[in-house]
Amino acid sequence: MSVLSGAAGEAATDPPSRSSAAPPIAALRDGRLVRRRSRPVVVLSVLAGAVVLAFLLAIVVGSVTIPLGTVVSILLGETPERASWAVIVHDVRLPRAVTAALSGAALGIAGLQMQTLLRNPLADPFALGITSGASLGVAIAVLGAGSAAGALLGGAFGLAGDLAVAAAAILGAFVVLVPVLVLASRVRNAATILIIGLMFGYAVQSVVTILVVGTSFEQLQRWIAWGYGSFGGVTSNQLAIYVPLLVVGIGIAAATTKQLNALLLGEAYAKSMGLNVRAMRIATLAGASTLAGVVTAFCGPIVFLGVAIPHLARGLVGTSDHRVLVPAVILLGAVLALLAQLAALVANGDGLLPLNAVTSLIGAPVVVFVILRSRKGAFVA
Amino acid sequence: MSTPALSAEKLVVGYRFRRQKRPVLPALDLAVRGGEFVCLLGPNGAGKSTLLRTLATVQRPLAGTLRIGGADAKTLRQVDIGRSIGLVQTERLDVGALTAFAVVGLGRYPHVSWGGRLGEADHAAIWRALDAVGAYHLAERDIGELSDGERQRINIARALAQEPAILVLDEPTAFLDVGSRVELMGLLRRLARENGLAVVASTHDLDLALRSADTVWLTSLGRFEAGAPEDLVHSGEFEAAFGSERIAFRTDERTFRLRTGSGRPAIVRGDGLSAILAGAVLEREGWAMVAEPSAGTLVVTAGPANGEWRAELGGTVAHGSTYAELATLARDLPDHSSSNI
C-alpha cells in the first residue's frame with residue numbers, strides 16, 4: 001500500500017505549471033457555478049412544500065369534505081366537533097395518504113435504481129417483471145395458506161399474516177429479478193433486456209392467473225380488484241409493517257448515492273474506480289425487490305410510476321447526480337402518488353377509479369417521450 | 001531501477017467459456033515504469049482490449065500474477081486499485097445529465113468518504129485534472145453538449161482525478177478527428193513525462209504511436225513482442241504483424257503503403273516539397289522509385305515553380321503545371337514492358 005499511495009501522491013502533488021488549482025474566477029463571479037448548485041435546492045424545497053400540500057389535500061378531499069383547518073387540528077391531536085371526522089381521518093384518510101406518499105417514493109426509488117444499474121432509461125420494477133414476481137409471491141402465500149376472503153388485501157391473518165405476505169412478495173420479486181438481471185448482464189441491448197423482462201412478467205403472471213382461477217369466484221373478483229391497484233387497502237395496523245419496510249428500502253438507495261453515481265459510467269468504470277460492483281448489485285437488488293415487493297403486496301401491481309418518476313425528477317433538477325436525484329425522486333414520487341390517488345377519487349365520484357388507470361395516463365406519455373427523445377435511437381442501440 | 005508501476009509475470013489473458021479457459025495471447029512478462037508511455041498495437045481481434053481490461057483489473061486473468069506498485073493485485077482491495085489505476089475505454093462516455101466538472105468529480109470515488117461529498121482537496125484535484133487535459137473551460141458545460149474529442153479529454157480527466165500512478169486507455173483516439181488524435185497522443189506522452197504516470201494505450205494509429213511511444217507492445221496472430229518502436233521496425237516485427245499482400249511497411253518512413261500497380265521504375269529529380277509531392281503522385285499510381293535511371297525509367301523533374309513538372313520516358317517528353325496532370329499522365333502511360341509479353 002505504501003508504494004501505491006506514494007506513487008499516486010507524486011502524481012497528485014505535482015501541480016501543473018500552467019495554472020493554479022483553483023476554480024476560474026470568472027466562472028465564480030458571473031455566478032454560473034453558484035446557480036447550478038442552487039437549482040436543486042430550490043426544486044427540492046418546492047417539492048417538499050408540494051408534498052405537504054398534496055398530503056393535506058388527500059385528507060381534506062373525499063366523499064365527505066373536511067375543512068383544512070379541522071384536518072390540521074385533528075392531525076395535531078385535537079377532537080373536532082364532529083367525532084366521525086376524527087374517525088375518517090385516523091382510520092381511512094391518514095393511512096391512505098401515508099400509504100400513497102410512501103408507495104410513490106418507493107416505486108420511484110426502485111425505478112431509479114433499476115435505471116441506473118442497467119443504464120436503461122426505461123427500466124422499472126414493472127417492465128423487469130419484479131411486480132409480477134411479487135404478485136406470484138402473494139398468490140402462493142395467500143392461496144397456499146388456504147385462506148378465503150380478504151386475504152389478498154391483507155387483514156385476514158393479522159400482522160403475522162401481513163408480514164408473511166410481504167415476505168413472500170419480496171421473495172417473489174427477487175426470484176424474478178435475479179434471472180432477468182443475469183440475462184441483462186449478457187445482453188447489452190436495452191430494448192432486449194426490457195423485452196426479456198416483460199416476457200418473464202407475462203409468464204409469471206400466467207402462472208398467477210392459473211393459480212387464482214382455480215379458486216372461488218369471490219376470490220377471483222378480489223384478485224382482479226387488487227390488480228387495479230389501490231392505496232386505500234392498507235390499515236393503520238398494517239402501516240406498522242409497511243412504513244418500516246419501505247423506509248429501510250429507500251434508506252438503502254439514500255445510503256448508496258455515491259455508488260449509484262459511479263455506476264452512471266457503467267460497471268467497468270465503476271469497478272476501475274474502486275466500487276465493489278457485486279456487493280453493490282446485491283444491495284440494490286435487495287432494496288428494489290423490497291420496495292416493489294412490499295408495495296405490490298399491499299397496494300397491487302401499480303404500473304408506470306416506477307419509470308415515470310425518475311425521469312420527471314431528472315428533468316426538474318437537471319442532473320443525474322444521485323445525491324440530488326434520490327431526494328427529488330422521493331419527494332416527487334410522494335406528490336405524484338398522492339395526486340394520482342386524488343384523481344382516482346375525484347374522477348369517479350364516490351367510488352374509486354382504478355389507480356392503474358390514472359398512473360398509466362401519467363406514465364405512458366413519459367415513456368413515449370423518452371423513446372422519442374433518446375438520441376438517434378440510442379435506446380434501441 | 002525502481003519498482004515498476006505495473007508489471008506482470010506469466011500473465012495469461014483471455015476468456016472463460018463454459019469452464020474452459022480460452023487464452024488470447026501467450027503468457028506475458030511485462031513491466032511499465034512511471035514516466036513511460038507504452039502503445040499497444042495490433043490488428044482487430046488480437047486481444048488488445050482483453051489485455052488492457054485485465055491490466056486494469058476489470059477482467060480476471062486466466063493465470064499468472066499482475067503486480068500494481070509491486071503488490072499482487074489479488075491482495076489489493078478494489079478501492080486501492082481505484083487509487084492506482086485510471087481506465088479509459090473506447091466507447092463514448094454516456095452518463096446522462098452531468099456537467100463535465102461532475103463527471104471528473106466521479107473520479108474522486110476512491111478518495112471521498114461514504115457520503116460522496118467533495119472536499120477542498122477533491123476540488124483541487126478535479127481542477128488539476130481538468131487543467132492537465134486542457135479542459136478548464138469545459139468545466140461547466142453539460143457532458144452531452146461536448147464533441148467526441150472534448151468528451152474523451154473529460155473522461156481522461158476523470159481517470160486523472162483518481163490520482164492514479166497508472167493510466168490504461170483502450171483506443172482513446174478511435175472516434176476522434178485527425179487533429180484531436182495528434183493532440184491526444186501528445187497529451188498522453190506529456191502526462192507520462194511531466195506527471196510521472198505509467199501510461200498504456202492501445203491504438204490503431206501506427207504512425208502516431210511510432211512517433212510518440214517509448215515502448216511498443218505488438219500483438220498479432222497470438223504473438224506478442226515488446227520493445228522500443230525503432231527496434232521493432234528494425235527487426236521486421238512490424239512488417240510481420242501488419243504487412244500483407246496488399247500492404248507494405250515502409251521501414252524508412254515508418255508508415256504503411258498500399259502495394260499498387262506493376263511497380264514500373266521511376267525517378268524524381270528536383271528539390272524540396274515539389275520533389276516529395278511528385279514522388280507521392282507516382283507512388284500512388286503504382287510506380288516504383290529507383291535510385292538510378294535505366295531504359296524504361298520514367299524521369300520526372302519537379303519544379304521550378306510549385307506544381308510544375310517535366311516528364312520523360314524513352315525520348316517522349318511531357319510537362320504540366322499541376323500534380324493532377326502528372327497523375328493522369330502516370331496512370332495513362334502505356335506499359336511497353338508488359339505489352340511485349
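The values are calculated or read from the model by the stated rules, or taken from the named source; none is laboratory data. Because the structure is predicted, anything quoted here is derived from the model rather than measured. Cβ placement follows ideal geometry from the backbone for every residue including glycine, while neighbour counts extend to all protein chains displayed. Note: accessible area is taken over every heavy atom of the protein model, side chains too, but ligands, DNA and RNA are not part of it. Shrake-Rupley method; radii C 1.70, N 1.55, O 1.52, S 1.80 Å.
Can you give the average number of partner chain beta-carbon atoms within 10 Å of each beta-carbon in peptide B:196-204, as a whole number? Display every interim value, and only then the final one.
Values: counts 4, 4, 2, 0, 0, 0, 0, 0, 0.
Other-chain Cβ atoms within 10 Å of each residue's Cβ, averaged: 1.
Per DSSP H run of at least 4 residues, take -39500 (n - 2.57); add these up for chain B, divide by its residues and hand me the 222 nm value, nearest 500 deg cm²/dmol.
-9500 deg cm²/dmol
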Cβ crowding within 10 Å averaged over residues, with A:83-89, B:211-217, A:119-125, B:190-196 ranked highest first: A:119-125, B:211-217, B:190-196, A:83-89
Counting other chain Cβ atoms within 10 Å of each Cβ in B:97-103 and taking the mean gives 5
Where a Cα-Cα gap under 22 Å defines reach, which lysines qualify for residue B:48, not counting those fewer than 8 residues away within the same chain? A:271, B:10, B:21, B:74
From the Cα gyration tensor of segment A:72-151, with a ≥ b ≥ c the square roots of its eigenvalues, which class applies: rounded if a/c is under 1.5, or else prolate if a/b is larger than b/c, or else oblate? oblate
When Lys and Arg each count +1 and Asp and Glu each count -1, what net charge do the other residues less than 14 Å away from residue B:189, Cβ to Cβ, add up to? -1
Nearest-0.05 FRET efficiency for residue A:48 and residue A:218 at R0 = 41 Å, using Cβ-Cβ distance, is 0.40
Which residues among segment B:285-305 fall inside the zone where the amide N is under 18 Å from a point 7 Å beyond the Cα of residue B:269, along Cα→Cβ? B:289-305
To the nearest 20 Debye, how big is the dipole of segment B:5-65 about its Cα centre, given +1 on the beta carbon of each Lys and Arg and -1 on that of each Asp and Glu? 480 debye
What net charge is computed for the residues neighbouring residue B:25, neighbours being all others with C-beta under 14 Å from the C-beta of residue B:25, Lys and Arg scored +1, Asp and Glu -1? +4
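Please give me the summed charge of the neighbours of residue B:120: other residues whose Cβ is under 14 Å from its Cβ, Lys and Arg +1, Asp and Glu -1.
Net of charged neighbours comes to +2.
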Nearest-20 debye value, the protein assembly as shown charge dipole, Cβ charges on Lys, Arg, Asp, Glu: 1400 debye
What FRET efficiency, computed as 1/(1 + (r/R0)^6) with R0 = 56 Å and r the Cβ-Cβ distance, is obtained for residue B:324 and residue A:279, rounded to the nearest 0.05? 0.30
Calculated FRET value between residue B:332 and residue B:44, using beta carbons and R₀ = 35 Å, to 0.05: 0.40
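Across segment B:1-143, how large is the tail of the calculated P(r) beyond 23 Å, expressed as a percent of all Cα pairs?
It works out to 48 percent of all Cα pairs.
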About its Cα centre, what dipole magnitude does segment B:1-138 give when the only charges are +1 on Lys and Arg Cβ and -1 on Asp and Glu Cβ, stated in debye to the nearest 20? 780 debye
Please report the base-10 log of the normalised intensity I(q)/I(0) for segment B:80-216, using a Debye sum with one equal scatterer per alpha carbon and no solvent, at each q in 0.11, 0.15 (1/Å). -0.36, -0.68
Which percent of Cα-Cα pairs in the protein assembly as shown sits in each 10 Å bin, short to long? 3, 13, 19, 18, 15, 13, 9, 5, 3, 2, 1, 0, 0
Among B:298, B:51, B:62: highest mean-square fluctuation, GNM of chain B, C-alpha pairs under 10 Å: B:298
Accessible surface of chain B, 1.4 Å probe, proportion on carbon and sulfur as whole %: 52 percent
